[in-house]
Amino acid sequence: MFMAVLAHWLKAGGILLLTLSIAGAAQASDENMLFDRGLPSTNLNIEPDPERSNIRWTAGSDNERFSGDDFIIGNPGERYVINHIRTWAVLGYREEGPSVPAAVGDWFNHIRLLGGTASDEPLAIRTSGELLQGSSATSNSDIVITPVTYPNPGSSNYFNFGPTIPIWQIDFHNLNWVIEGGRRYNFSVQGIGRQFLETEYSHAWYNHASNAALSGTPQQGADDLMSAFSHIGEFLYIIDAEEGWNKSADLNIQIFGNVIEGVEEPVANDDDGSLVAVVHNLNEAGLLDGKAYNRTLREVEQGIIRARSSLLQKLVVEQSGARLFVSVISPSSESANSPEVQALLAQMHHQLEQLNNTGVLRESVYNQLQNEINSGYVPHASVLYRAAVSLSRREEAVDPELVKPQLDDFQSVGILSAQGYTSLLEALEASELPNPIEFLRYIDRAQVLDLNDYSLDPQQYFPAIYQSVAQMLYQGGLINGEIGEFNLELILDEVYEFNQSGLSNLSETFANEWRTYDAVVSVQIDDRTYQQSNYYSPPISERDFLSLIDREGLVDLFNKVLRDQSSPYRLFSIPSFDYTFIGNVVSSEFGVIALTEAQADVYWERGWHGTDYANTFTSDRIAEIITLLEDIELLDHLSEAEISEGKKQIARQYITHPYQLLSAFKDVIVLFDWESAEGENPYKYFLEELARLSQGNFNPTDIDDGFDWENQIASVAFTLNGTRYSTDLVFDGDWLDPSFFEFVESVAAIEVPQGRFYPLSYYGHGTEGYIFLSDRQFEALRMQQLITLATDERN
């Protein structure tokens, strides 16, 4: 009766300032408490808060993301009808304007409850209502919002680490939501915020949460994890409050309803080999427990984890504290039959059997791991789990059932032809492809290359491999024009001395040194000469293929050609998926594939593929930019030989960004790492760098660098044009103080009329470098979009 009167008042728009204790809140007589994870009653509002139980949680202030959680009621085979769900929200606090809303409608215009299983994507809207300003009533009489206090003796409000703000209880009635017992259901309570003053942000909706161990009230189903959902109910990610607070938490919720008579037979799923069953088995074996178990179970149910290799990766994470570098036991060594070694091998076999009994390993993976243990390559559990991950990923990568959805996507965007798709599936089903790099043999604009098919003489195999790729692109109609012969120039880069002691299978070409080279490949295509630098080092052993050819350099040369010819394609290198974790074997195979941008998005599963599809820096455009740099006298401080060297560097790079052009020439820009306050005089070093950059226009003398590690202080002083300038700086370990550069900028603006220092930002991460420019030079570079100023980001 009381709740009915209250609802009537609220529907009518009346303001009823009544605070309820949760313990005294009325419940409908025909409802049973099905799930109780209510508000906490102990360890409330503690500051500082190591033992605090209560927290509020949001997923964003953009009306796009909201916090949520889950619940499981009853057992498999049972069914329930949920009539009423109760949750809580804590709104505010704002420094500007009203610190908290007098009514929920003042800050929010809509409220809704979303719910469903993990397979219900997106979650269904179970009920919703509009909110009017000046009221906490909604347009839906089944949604009742009430100010309440905690069920503790003091009837406290929420202490927001400073101000105390109200708690709002939200009761969603008449839901008639039928659920299955023993099954996980997600929910999210979402309030759509009104605009916050004149900002671009909306008021953020905070659901109430608490740490189960500290709450002092029943915290049914608490697993120390929450979830984030989009405004339309799409699952986004799992939330662990410990990553943003100092402990874990779950959203508070109470659920009321009734059991539906007539129990069905529960579906047995503990022994069906499903990923859920495997997760349970890993938990029972003690390999995955606590929060890691809860999180993994959620990720499997939510579809984040879809393969056994991902479950095995969880075990690797759990073993992250274990040693990563272990000695290999040689079966032929004198100690191989010692009791210590035999005990270690027995222990590894025991751990392998324990792992295999959970169902997480394929039979082929299990058999190979047995062989690896017997060969002495797996002397530690951390190695065992990593090996299992690597082997499982390779097996899954050629599993037709797992791969078919990806191949369907490949065909839909034209990566695979209809014939290629059919042939590839047939080969997978016949287990003819042990390595997914073989997929490339079924794709028209792709190629597999095996270094075993070529001479080990770089003067022979470099040109041969480049020629083979060029022919594939030419025959596929992706590049035009006559293709000349490829040439290689090896330029010695570094010589490293090392001790051969303990190393086996060394190449006969090695003495006591290791040499690296800049391998410059050149060719004439369509009457234009192309060059590209590559990394090269002679192989250390017969199994060392890693340093024989720079795969990225290979594709970069052809991407220059594709860009110059305005092709929609770019070339990618594809590594072999060989099992490389154990035995240190590096595959002799690699591949290349040409993809449009739309195809690349699908091939890399919409991940970042890092390839430049814009035709911004064609060879002609680069030549124009270099001419511009000369015309505006930005290179006047350089000799002809230095300019020529800069042009040579540019010709041998794949240019995708303006900074590559500017940094190729000496003393044109200075790039730096903020974490570079090293040595005795870091600020003196950068003053001298900036002086060189200014070509003598900024020439500080009598530099006093007050950077002091022992006393943890920093300052800098110098004389310029007869005036002494100084400033105190913030000591932050090996991080530079940004105010140092701002100080130099301000001094130069007063003392140097010939130009200015400009802070550069090439990747949108604040100041990453500096350039000194006259007004004419600045305008020329700015108009050609060759510089991006960090000050633009700040403004």
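The values are calculated or read from the model by the stated rules, or taken from the named source; none is laboratory data. Note that the structure is a prediction, hence the values are computed from the model and not measured. Reconstructed Cβ throughout: ideal geometry from the backbone, glycine too, with neighbour counts over all protein chains shown. To get the accessible areas, we keep the full protein, side chains included, count just its heavy atoms, and leave off ligands, DNA and RNA. Shrake-Rupley method; radii C 1.70, N 1.55, O 1.52, S 1.80 Å.
The simple Förster model, with R0 at 56 Å and r as the Cβ-Cβ distance, assigns residue 42 and residue 644 a FRET efficiency of 0.15.
Between 0 and 90 degrees, the angle of helix 290-302 with respect to the longest Cα principal axis of the chain falls at about 90 degrees. Taking one quarter of the surface of the convex hull spanned by the alpha-carbon atoms of the range 136-247 gives a direction-averaged projected area of 10.1 nm². Here the chain has 46 percent of its accessible surface on carbon and sulfur atoms, given a 1.4 Å probe and all protein chains in place.
Where does the charge balance sit around residue 354 when Lys and Arg score +1, Asp and Glu -1, over other residues with C-beta under 15 Å from its C-beta? Neighbourhood net charge equals -4. The separation of the range 424-485 from the range 232-246, counted between C-alpha centres, amounts to 44 Å.
Note on exposure: 560, 666, 647 ranked by accessible area (1.4 Å probe, complete protein assembly) read 666, 647, 560, with the most exposed listed first. For the set 298, 445, solvent exposure ranked by accessible area (probe 1.4 Å, protein chains only) runs largest to smallest as 445, 298. Under 1.5 on a/c is rounded, so check that first for the range 384-484, then, if it is not, pick prolate when a/b is larger than b/c and oblate when it is not; a ≥ b ≥ c are the square roots of the alpha carbon gyration tensor eigenvalues. Oblate is the answer for the range 384-484, as a/c is 1.5 or above yet b/c matches or exceeds a/b.
Given DSSP loops and a limit of at most 12 other Cβ atoms within 10 Å, what is the longest stretch of the chain that contains no such chymotrypsin sites (Phe, Trp or Tyr not before Pro)? Free of exposed loop sites, the longest segment is 326-497. For the Cα trace of the range 389-434, dividing Rg by the Kirkwood Rh returns an Rg/Rh value of 1.00.
A 1.4 Å probe run over the protein chains yields, for the range 144-196, 33 Å² of accessible area per residue, whole-number rounding. Its DSSP H runs of at least 4 residues, each contributing -39,500 (n - 2.57), put the calculated 222 nm mean residue ellipticity of the chain at -9000 deg cm²/dmol, to the nearest 500.
For the chain, the longest principal axis of the Cα atoms and the long axis of helix 308-318 meet at an angle of about 90 degrees. In this structure the range 605-733 gives 54 Å² per residue of accessible area when probed at 1.4 Å with all protein chains present.
Straight-line reach from residue 647: taking Cα to Cα under 17 Å and skipping same-chain neighbours fewer than 8 places apart, the aspartates and glutamates in range are 518, 620, 624, 630, 631, 633, 636, 667.
Ranked from largest to smallest solvent-accessible area, with a 1.4 Å probe on the protein heavy atoms, 386, 756 come out as 756, 386.
Annotation for residue 119 and residue 474: the two label points, set 7 Å from Cα along the Cα-Cβ direction, are 5.5 nm apart.
Using the Cβ-Cβ distance between residue 674 and residue 306 with R0 set to 45 Å, the FRET efficiency from 1/(1 + (r/R0)^6) comes to roughly 0.70. Normalised by the number of residues in the chain, the mean separation of alpha-carbon contacts (under 8 Å, six or more apart) gives a relative contact order of 8 percent. Among the listed pairs 291/314; 560/666; 404/560, which are separated by more than 22 Å between their Cα atoms? With Cα atoms farther than 22 Å apart: 560/666; 404/560. Charge tally for residue 632 (other residues, Cβ to Cβ under 12 Å; Lys, Arg +1; Asp, Glu -1): -4.
Relative to the longest principal axis of the Cα atoms of the chain, the long axis of helix 640-651 lies at roughly 50 degrees. Counting only protein heavy atoms and a 1.4 Å probe, the range 393-485 has 50 square angstrom of accessible area per residue. Set against the 2.2 N^0.38 Å expectation for a compact globular protein, the range 642-795 has a Cα radius of gyration ratio of 1.08.
Diffusion coefficient (Stokes-Einstein, Kirkwood radius over C-alpha pairs, 10 °C, 1.306 mPa s) for the chain: 49 µm²/s, rounded to a whole number. For the range 518-541, the residues whose backbone nitrogen is under 14 Å from a point 7 Å from the Cα of residue 485, taken along Cα to Cβ, are 522-524. Once the C-beta distance of residue 637 and residue 33 is scaled by a Förster radius of 60 Å, the resulting FRET efficiency is 0.15 to the nearest 0.05. For residue 287, the shell of other residues with beta-carbons less than 10 Å away shows a net charge of -2, using +1 for Lys and Arg and -1 for Asp and Glu. Could you give P(r) for the range 71-199, binned at 5 Å from zero, as whole percent values over all Cα-Cα pairs? It works out to 2, 9, 17, 19, 17, 14, 11, 7, 3, 1, 0, in whole percents.
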